[in-house]
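I have placed the structure first, in the form of structure tokens, so that the comments after it can refer back to it.
What follows is calculated from the coordinates using simple rules that are stated; it is not laboratory data. Nothing here was measured: the structure is a model prediction, and the numbers come from that model. When we count neighbours, we look across all protein chains shown, and the Cβ atoms used for this are built from the backbone with ideal geometry, even at glycine.
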């Protein structure tokens, strides 16, 4: 399958000695929605700014559409839709002027599709006549999203795209992203919003302190995370009677027990059936659990 | 083609401010042309003071008294800091709006994510500065010409005003070269104004101080203001072609240096 983005040991050190990213190697396949996760300062924005040629690599290289991002930046840009993390479109322009201007710079803008996008994001004609400086941050984000999609780019590079959007508009964005993917588009999305990545991404990478720590399909990532079981007993239970090689007890407090499943669930159910149980839950792990687990490892490493 | 779209948009963003500055300059020079018809007493004072302002003559260049005797307050209009401030303000506005404020506000990310090269962005900045400066110089020229025609019955030579406008243009494109370099390394309009403004002010002081202290004369050629000689031009002085070409070349080289720096720098916003 065609690789749309590929980085080879991409490294960025800032002048003050701070590590932006170090030896980052990843690849994004055509037609894939790729999530890029990390805490603040992990290196997500640094990576994205290097992909759009705002920052230059200290070492390593990256390719988009098989072309070097530094040497062939202008060629690559024709097929990219980019939205930065802190959206501040040209404030002296009206919303309409901004879209016209960005559309002309993209040279291939579909006005019908733009109208569709504007309708989706609930823009009225009068909104487009207002200066962007009069927009709320959510509106500014929406107009920036419209410009990202309007020229039907082959690749979307988005840094925290739903930051500041209300839940309804977030949902609209997810829908658009799904439509875009169904038409063969590829997206590279950094996000703090883990349910969003879980919902829209095919694969996700987790970056920590500038280094890649995991890249997997969302389902596979979550499989790594053992499921946690919560049990509430009717009576006090002795913890020694709860021991089993099939789980790892996290906490045992009189009548409540929390444990991480590590083995056969059937054996655990049989063990629990010997007791009177008041309540029990076995939720699926969320991406948030996986993410936090990776970061807990970091803390314990330190 | 795409570079031209960016240029067109930049012109759209700056033309109102440019016209406002042109109007301010026009009115300012016109005011001096009007005032010079009524302030006759000044000429007698100047005649009496012919020997006294030797320091001033030295600082302001040759012909300060003669030009003021001939053109009265019109001559003062050309050395008044207000006029220089208007020109410099325009260059700062262009640099800020097209380069540094885009970086500071993060909008540059949108622009550079499109097929617009950084070099082209800088070329557009240069084009706007050169055209805008020429427009401001033209405005000064027309204002003085009209002022003399309307308010002065005595026949004053008009030709020096064309030379003055050309001199102003050269002064400002030289100054713009420095600002272009500062804009290439600055992350915000504030930094550009601080460092660029301080440098130009230091050059301004240097130009006046150089005739008074020999060692400064050796460094004064780096100051754009050293080449601004309005008083000498009003009494028939000329700017030779070599100097004009040299200033244009230096200004272009500085814009080129700015473009190279800007092309290779990291932009940590957008």
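In terms of its Cα atoms, segment A:158-268 spans 56, 30, 30 Å along the principal axes, sorted from long to short. Across segment A:226-284, the convex hull enclosing all Cα atoms gives 69 Å³ per residue.
Extending 7 Å from the Cα toward the beta-carbon at both residue A:223 and residue A:211 defines two label points whose distance is 2.6 nm. Look at the alpha carbon pairs under 8 Å that are at least 6 residues apart: their mean separation over the length of chain B gives a relative contact order of 30 percent.
Between segment B:181-202 and segment B:77-105, the alpha-carbon centres lie 11 Å apart. Stretching residue A:284 away from residue A:15 to a fully extended chain increases their span by 92.5 nm, per 0.36 nm per residue minus the current alpha-carbon distance. Dividing the Cα radius of gyration of segment B:2-264 by its Kirkwood radius returns 1.01 for Rg/Rh.
With both labels modelled 7 Å from their Cα along Cα-to-Cβ, the residue A:67 to residue B:199 distance reads 3.4 nm. The listed peptides B:158-166, B:117-125, ordered by packing as a protection proxy, come out as B:117-125, B:158-166 (highest mean of other Cβ atoms within 10 Å first).
Short-range pairs are left out: with C-alpha atoms under 8 Å and at least six residues apart, the relative contact order of segment A:226-284 is 48 percent. Counting Cα-Cα pairs of chain A in 10 Å increments starting at 0 gives whole-percent bin shares of 6, 24, 27, 20, 12, 8, 3, 0. Peptide A:94-107 has a mean of 4 when you count, residue by residue, the C-beta atoms of other protein chains within 10 Å of its C-beta. Can you give me the angle between helix A:167-182 and the longest principal axis of chain A, using Cα atoms only, in degrees from 0 to 90, rounded to the nearest 10? Computed tilt is about 80 degrees.
Across chain A, the mean sequence separation of Cα contacts (distance under 8 Å, 6 or more residues apart), normalised by length, yields a relative contact order of 20 percent. Using Cα centres only, tell me the gap between segment A:152-205 and segment B:118-136 in whole Å. So the two Cα centres are separated by 39 Å. At an R0 of 45 angstrom, the distance between the Cβ atoms of residue B:27 and residue A:134 translates into a FRET efficiency of 0.90. Against chain A, whose longest principal axis is taken from its Cα atoms, helix A:287-301 shows a tilt of about 80°.
With the largest listed first and rounded to whole Å, the semi-axes of the equivalent ellipsoid of the protein assembly as shown from the Cα gyration tensor are 67, 24, 21. Remark: mean inter-chain Cβ contacts per residue of B:110-122 equal 6, using a 10 Å Cβ-Cβ cutoff to other protein chain atoms.
Over all distinct Cα-Cα pairs of segment A:52-151, the Kirkwood formula returns a hydrodynamic radius of 14.7 Å.
Looking at the protein assembly as shown, the DSSP beta bridges with both ends there are about 65 percent antiparallel.
Between the helical axis of B:189-209 and the longest alpha-carbon principal axis of chain B there is an angle of about 30 degrees. If the segment from residue A:168 to residue A:75 were pulled out straight at 0.36 nm per residue, it would be longer than the present Cα-Cα gap by 29.9 nm. Peptides A:170-176, A:111-117, ordered by how many other C-beta atoms sit within 10 Å of their residues on average, highest first, read A:170-176, A:111-117. Cα convex hull, segment B:119-159: 41 Å³ per residue, rounded to a whole number.
Treating r as the C-beta distance of residue A:251 and residue B:253 and R0 as 56 Å, the FRET efficiency rounds to 0.20. Model label points for residue B:16 and residue A:25, set 7 angstrom from Cα along the Cα-to-Cβ axis, are 5.4 nm apart.
For segment B:78-177, the Stokes-Einstein estimate of translational diffusion at 37 °C and a viscosity of 0.692 mPa s comes to 213 µm²/s, using the Kirkwood hydrodynamic radius over alpha-carbon pairs. Shielding value for B:5-17 is 2, the average number of Cβ atoms from other chains within 10 Å of each residue's Cβ.
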